[in-house]
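Just below is one structure, and these are the notes that go with it.
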Amino acid sequence: MTIDRTSSTRRKLLAASGSLAALGLAGCVGDDDEDDEAGADDGDDDHDDGHDDDHDDDHDDDHDDDHDDDHDDDDHHMDVEEFELIDHESGEQLAYVHDDHWDHGPLYVPLEDAIAVEAHAEDADGEEIAFGEDEEYQLEAEVVEGAEENVEIESHGDHVELTGEAEGITEVIFQVWHDDHSDWDSPELEVEVVEDFDAEENYADGDYHDDDHDHNHDDHDHDHDDHDDDHDHDDDHDHDDDHDHDDGH
């Protein structure tokens, strides 16, 4: 009987030990699962936060860049209603911008010598744009990219000098320069460097003011016609007087 009690007690101890071991194992497994779940949640939070933050930052940056670019474009642009080139020495008109092209041209430049040109320009409100080294705007010019670089260009604020370095044809744009950028670029003007230079060949011969000239010429013709009418009327009056005098005689 004693032996049976001992065996029974040993079996109970072993069963209890097994239960405790099972509980301990279950606890370890449960802790691992909780840790895994917590890690997964943290990963999701990090991913969401990182994605949202990056997306928001990228969107804000893109928006700011676009806005800044648009703002810069507005700041670096002006509407020029009238732009004409003037010979700096003679004051004669050389060429003028009409819509998206130049009227009159090409502009002749002497070989191994220079021609100085200035500009008369007005903005969209009809206000004259003042050019000068101490003014808000300067007159600049440059050879069109890809065109023959046979002229040297030097700006003096209120005018530019073009020096012919080699015979041939190139294209130049004139610019309304403001601070460190151009607010307005002209259409491309054909420029030809020639050895036999005649300054008068550059003159536009008053084409820009043809309408005013024609109008004044018509007025002159009209006045002349009126004078002829008055003369004819006087002749008729004198003739009538002579006739009356003869009848009286």
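The values are calculated or read from the model by the stated rules, or taken from the named source; none is laboratory data. Model, not experiment: these values are computed from the prediction. Every residue, glycine as well, gets a Cβ built from its backbone with ideal geometry; the counts of neighbours run over all protein chains shown. The area values use the complete protein model at the heavy-atom level, side chains included, leaving out ligands, DNA and RNA. Shrake-Rupley method; radii C 1.70, N 1.55, O 1.52, S 1.80 Å.
The table that follows gives values for the structure above.
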| item | result |
| --- | --- |
| Members of region 138-170 found to be out of contact with any Asp or Glu (no Cβ under 6 Å at 6 or more places or on another chain), β-branched (Val, Ile, Thr) and open to solvent by less than 30 Å² (accessible area, probe 1.4 Å), listed by number | Val151, Val160 |
| Condition check for Asp241: farther than 20 Å from Phe83 by Cα, in a helix (DSSP H, G or I), open to solvent by less than 90 Å² (accessible area, probe 1.4 Å) and at pLDDT 50 or above | yes |
| Tally of residues being within 21 Å of Trp177 (Cα to Cα) and among the acidic types (Asp, Glu) across region 78-118 | 8 |
